[in-house]
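Data block below; observations after.
Only the coordinates and a few stated rules stand behind these numbers; no lab work does. If you're wondering where the values come from, they're calculated on a predicted model, not measured in any experiment. Here the Cβ positions follow ideal geometry from the backbone for every residue, glycine too, while neighbour counts run over all protein chains shown.
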Amino acid sequence: MIQSGSNRQLKISRRFLIGMLVFIWAINVSARVSDSRNDIKPLDRIVAVVNEEIITQQEISELLHSTVQQLQKQNTQLPRMEILEKQLLERLILKRIQLQRAKEIGVTVSDNDLDQTLRRIAQDNHLTMEEFRQILFQEGTDMSQFREEIRGEILMSRLKEQEVNSRVNVTESEIDNFLKNQANSPTNNEEYRIAHILVQISEQMSEAQIEARHKRAETAYENLRQGISFAQVAAEFSDASDAMQGGEMDWRPVGQMGSPFAEMLIKMQPGEITPVVRSPIGFHILKLLARRQQEKKAAIIEQTHAQHILIKVSELVSEEDARQLIGQLMERIHNGADFMDVAKAHSEDASASAGGDLGWVSPGDTVPEFEQTMNILLPGQVSQPVRSPFGWHLIKVIERRSQDVSERQEREMARKTIHARKADAIVQEWLQQLRDQAYVEYKIEDN
């Protein structure tokens, strides 16, 4: 009885708080409406409340507009607008829940991290930042709004890493078994590019609800059999985050698919689709787009044995203070101080106790800013101060070597494949748990 009363009081408090938020929001919107009869604008309306935040019709309309443009660029036949709008609302709700969770547990993205990401996006598209801004402007995209969208994507990515990766464990014996199976099966060296449709279920659903989801998946499958494009059916029926991209996934080894899917894909030809397949997270339909043989090559890479000193920028240490301190440490080293001793005394990296020794560093092991500077140093040379997302560095190269890392890369690839297979399922379960635990109230019928 005490627990029941407590829950009732919590519900009343939450509904009261939400009511007040909606009331305040309505006043603020009303205040922005011109009193002039010639300049009357319709009030925006609330379509959903997610915990203590609201989602408005304007947000949905803007997302719908950009999604329609995206689907048209992909030459994808559009689903019915009311269906597409409903799908987008659910995605916006899930995104809002994730961002709220990130804020709750203190996951953040600094402006510097965001700037670094934007520069990489521009570089990946062979653009300068000014060219990148110009393209966004030409497409009608506000740069500040785009920055916040990217910040949100980084936040959700970091949140998933923090919440999900800690639950995924890959043992050495699993890697050994994976590599043994690959060696014994000619198809296990293949990679597949697929598109998928996921109709999600959760442990909280009743049998009747699960059966309704099953029927939804079967309806999607029947639409595919009738010749409707996979991309259109994915946009209308799939709960996966890539539904608006036609459900298409990157190349991945067959071992990442999981046994039920791998057994079917091995026998399929490009263009064929699977029937509805159930897994612990929902009902799936896969389409095989292409397959290829993984090439095995000897991997000879140039490795660098390096040391570094790191001074972090924080609430207590400003950007300028960190830059000045790393400059002072550089002067001490140039005047004869031992790099290892200075690293032990001042570096804020985990390698400090080892005198900043990073061991043998392979290409891609460090962030681009660090690697680019390290690569131009001669053995024995110490760099000028270098800024990375982690802070300010001094880098010293000890020696270099050419190394065959084929076996290590093979094991690392196997680890990533097994990790990704496990993480795929855990991510979907975790997202569904977040959704089930959130307070979501639809206001569409009330407006």
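Some observations on this one:
- Neighbour net charge for Met330 - beta-carbon separation under 12 angstrom, K R +1, D E -1: +2
- Pairs of C-alpha atoms in region 52-141 farther apart than 19 Å represent 61 percent of all such pairs.
- Length released on extending from Ile105 to Glu412, taking residue separation times 0.36 nm less the Cα-Cα span: 107.5 nm
- Cβ-Cβ FRET estimate between Glu302 and Glu272, R0 fixed at 35 Å, reported to 0.05: 0.20
- What the phi angles of region 318-335 give under the Karplus curve with 6.51, -1.76 and 1.60, with θ = phi - 60°, is a coupling list of 6, 4, 5, 5, 5, 5, 5, 5, 5, x, 5, 5, 4, 4, 4, 5, 5, 8 Hz, glycine and proline written as x.
- Its Kirkwood hydrodynamic radius, worked out from the mean inverse distance over all distinct Cα pairs, puts region 188-346 at 20.3 Å.
- Counting all C-alpha pairs of region 301-403, share separated by more than 18 Å (%): 42 percent
- Förster radius 22 Å - calculated FRET efficiency between Ala420 and Ala290 (Cβ-Cβ, nearest 0.05): 0.70
- Contour minus Cα-Cα distance for Glu248 and Gln403 (0.36 nm per residue): 52.2 nm
- Whole-Hz couplings from phi, Karplus 6.51/-1.76/1.60, listed for region 404-418; x for Gly and Pro: 7, 10, 4, 5, 5, 5, 4, 5, 5, 5, 5, 4, 5, 5, 5
- In Hz, Karplus ³J(HN,Hα) per residue of region 96-105 (6.51, -1.76, 1.60; θ = phi - 60°; x = Gly, Pro): 4, 5, 5, 5, 5, 5, 4, 5, 4, 9
- Which labelled figure in [x] 18, 42, 32, 8, 0; [y] 18, 47, 31, 5; [z] 22, 48, 24, 7, 0 is P(r) over Cα pairs in 20 Å bins from 0, in percent, once derived from the coordinates: [y]
- Most mobile listed residue (Arg252, Arg225, Arg421) in the chain, GNM with C-alpha springs under 10 Å: Arg225
- Averaging the sequence gap over all C-alpha pairs within less than 8 Å and six or more residues apart, then dividing by the number of residues, gives the chain a relative contact order of 18 percent.
- Between Glu139 and Gln204, the modelled labels are 3.5 nm apart [label points 7 Å from Cα along Cα→Cβ].
- The stretch between Tyr442 and Lys344, if pulled fully straight at 0.36 nm per residue, gains 29.6 nm over its current Cα-Cα span.
- Residues with amide H under 5 Å from that of Gln77, placed H, sequence gap 5 or more: Gln232
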